[in-house]
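Asker: This is the structure I have questions about; it appears just below.
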Amino acid sequence: MIKVVSWNIARWKEPWRELVQMARNGDADLALLQEAGSPPADLVDQIEFEGGVFWDRKLFDRWPLVVRLSDRVTVEPYRQVPPTGDFGEDEIGVSGIGTIAAARVIPDGNEDEAFVAVSMYASWMSAHPSTKRSGWIYSDASAHRIISDLSAFIGHYDPTKHRILAAGDLNMFYGATGSKWSLPERERTVWDRMRALGLEFLGPQAPHGRRAKTAPLDVSPDTKNVPTYYRPGTRPETAVNQLDYAFASRGFHEAVSVRAMNEIDEWGSSDHCRLMIEVNCRRES
């Protein structure tokens with residue numbers, strides 16, 4: 001079993017130390033990070049992530065990363081290039097700065113069990129000045145850029161031919177029905193496109209995570225969403241909304257489970273909780 005952590009660490013330093021400790025404890029083999037920033041100087045030699053990406057990270061400080069945490073996995077990162085033509089074996093076309101990072105992951109040296117791991121960050125975008133709506137922001141455009149880039153990994157009509165795991169912060173509410181904080185009709189198209197690519201929605205959904213004490217915003221009262229984010233000035237105890245999700249290729253998804261580590265005593269040192277994703281390897285079953 002390969003243990004994958006998906007986590008928006010908000011460019012904070014302490015989550016890096018928690019990740020290293022999880023690795024030492026055998027609790028994590030791979031991390032899909034969002035808003036990664038840079039690790040503390042004393043941990044740089046202990047953190048292995050892709051280098052030589054196309055985008056200049058000075059232009060954007062909230063990039064996602066795929067990070068190797070244990071020697072149980074081999075990680076072969078895809079170098080980011082513009083999505084303008086054919087790609088090399090080690091490349092991925094990226095149409096949005098800071099929205100995606102991807103790597104080929106080989107569990108325990110078993111090529112038959114290799115899968116593509118993708119860290120997703122649907123960053124907020126602002127409306128064009130011509131709209132005169134200075135406070136209008138949306139994340140679905142970034143999510144659609146991610147999906148367009150993911151489409152390059154779809155090479156068969158049959159989704160079971162693919163082994164893709166994608167997780168991260170989409171900055172939207174699954175099943176949104178209200179429009180105070182959401183754009184429901186637009187956001188539904190994100191889940192529709194994922195499904196069209198043969199990527200199954202894995203949640204997490206209750207009971208695979210603590211439910212909010214108060215009703216989440218902009219969703220049906222019977223939602224199974226679990227809180228994964230707390231707003232500035234609040235604490236995990238009062239977290240209400242789910243922003244973080246996981247998907248896997250249809251068929252491969254049967255070997256993947258996910259839960260939100262959103263109990264108060266396990267939340268961690270970011271404003272997002274961790275998603276713990278377990279990938280069962282047939283060789284070990």
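Since every read-out is calculated from the coordinates, none of them should be taken as a lab result. Worth saying up front: this structure is predicted, and the values here are computed from it rather than measured. Don't worry about glycine lacking a Cβ; one is built from the backbone with ideal geometry, like all the others, and counts go over all protein chains shown.
Asker: Most exposed first by the Cβ proxy, i.e. fewest other Cβ within 10 Å, how do Val256, Val94 rank? Before the final figure, lay out each step's value.
Answerer: On the way: Val256 22, Val94 25.
Going from least to most buried by this count: Val256, Val94.
Asker: Right, another one. Would you please classify the overall shape of region 132-285 from the alpha carbon gyration tensor, given that a ≥ b ≥ c denote the square roots of the eigenvalues, rounded means a/c under 1.5, and beyond that prolate means a/b larger than b/c while oblate covers the rest? Provide the component values of the computation, followed by the final result.
Answerer: Values: a/c = 2.08, a/b = 1.24, b/c = 1.68.
In terms of gyration-tensor shape, oblate.
Asker: Additional query: Can you tell me which of Ser151, Ser257, Ser182 moves the most in a GNM of the chain? Springs connect C-alpha atoms under 10 Å apart.
Answerer: Ser151
Asker: Would you mind checking the pairs Lys132/Lys213; Lys132/Lys180; Lys161/Lys224; Lys13/Lys180 and listing those with alpha carbons more than 26 angstrom apart? Walk me through the intermediate numbers first.
Answerer: Values: Lys132/Lys213 37 Å; Lys132/Lys180 19 Å; Lys161/Lys224 30 Å; Lys13/Lys180 32 Å.
In this structure, Lys132/Lys213; Lys161/Lys224; Lys13/Lys180 lie more than 26 Å apart at Cα.
Asker: Which longest uninterrupted range of the chain lacks any GluC sites (Glu not before Pro) assigned by DSSP to a loop state (not H, G, I, E or B) and surrounded by at most 15 other Cβ atoms within 10 Å? Walk me through the numbers before you get to the answer.
Answerer: Details: sites that count: Glu89, Glu263.
That gives 90-262 as the longest site-free run.
Asker: In region 2-284, if the dipole is taken from +1 on Lys/Arg beta carbons and -1 on Asp/Glu beta carbons about the Cα centre, which of Pro207, Pro129, Trp7 is farthest to the positive end?
Answerer: Of the listed residues, the answer is Pro129.
Asker: Now for a separate question. Based only on other Cβ atoms within 10 Å, what is the fewest-to-most ordering of Thr177, Thr74, Thr223, Thr84? It would help to have the intermediate numbers written out before the result.
Answerer: On the way: Thr177 13, Thr74 16, Thr223 20, Thr84 8.
The most exposed by this proxy come first: Thr84, Thr177, Thr74, Thr223.
Asker: Can you tally the net charge around Ser249? Count Lys and Arg as +1, Asp and Glu as -1, for every other residue whose Cβ sits under 9 Å from the Cβ of Ser249. Let's see the in-between values first.
Answerer: Values: positive: Lys161, Arg163, Arg250; negative: Glu200.
With Lys, Arg at +1 and Asp, Glu at -1, the net is +2.
Asker: Classify region 57-132 as rounded, prolate or oblate from the Cα gyration tensor: take a ≥ b ≥ c as the square roots of its eigenvalues, call it rounded if a/c is under 1.5, otherwise prolate when a/b beats b/c and oblate if not. Kindly include the intermediate steps, with their values, before the conclusion.
Answerer: Working: a/c = 3.12, a/b = 2.06, b/c = 1.51.
Prolate.
Asker: Here's another thing I want to ask about it. Kindly work out what percent of the DSSP beta bridges joining two residues of region 107-262 are antiparallel, to the nearest 5. Don't skip to the end; give the middle numbers.
Answerer: On the way: 14 of 20 bridges.
Counting DSSP beta bridges with both partners in region 107-262, the antiparallel share is about 70 percent.
Asker: Pulled fully out, how much extra length does the chain show between Glu48 and Asp90, if you take 0.36 nm times their separation in residues and subtract their Cα-Cα distance?
Answerer: Working: separation 42, 0.36 × 42 = 15.12 nm, distance 1.69 nm.
Using 0.36 nm per residue and subtracting the Cα-Cα distance, I get 13.4 nm.
Asker: Going by a ≥ b ≥ c, the root eigenvalues of the Cα gyration tensor, does region 71-188 fall in the rounded group (a/c under 1.5), the prolate group (a/b larger than b/c) or the oblate group? Please list the in-between numbers first.
Answerer: Details: a/c = 2.41, a/b = 1.91, b/c = 1.26.
It is prolate, given that a/c is not under 1.5 and a/b is the larger ratio.
Asker: Follow-up question, since we're still on this one. In nm, to one decimal, how far is the Ala41 label point from the Lys161 one, both placed 7 Å along Cα→Cβ?
Answerer: It is 5.1 nm.
Asker: Taking only DSSP H segments of four or more residues, each worth -39500 (n - 2.57), what value at 222 nm results for the chain once the sum is divided by all its residues, to the nearest 500 deg cm²/dmol?
Answerer: Computed mean residue ellipticity for the chain: -4000 deg cm²/dmol.
Asker: Just the ratio, please: alpha-carbon radius of gyration of region 12-156 over 2.2 N^0.38 Å, N its number of residues.
Answerer: Numbers: Rg = 16.6 Å, N = 145, 2.2 N^0.38 = 14.6 Å.
Its radius of gyration relative to the 2.2 N^0.38 Å reference: 1.14.
Asker: Let me ask another. Would any residue of region 250-284 have its amide N under 16 Å from a label point 7 Å out along Cα→Cβ of Glu237? List them or say none.
Answerer: Output list for this probe position: 263-268.
Asker: Counting other C-beta atoms within 10 Å, and keeping those with at most 12, which DSSP coil chymotrypsin sites (Phe, Trp or Tyr not before Pro) do you find in region 73-173? Walk me through the numbers before you get to the answer.
Answerer: Numbers: sites: Tyr78, Phe87, Phe115, Tyr121, Trp124, Trp136, Tyr138, Phe153, Tyr157, Phe173; in loops: Tyr78, Phe87, Trp124, Trp136, Tyr157, Phe173.
Listed in order of number, the matching sites are Trp124, Trp136, Tyr157.
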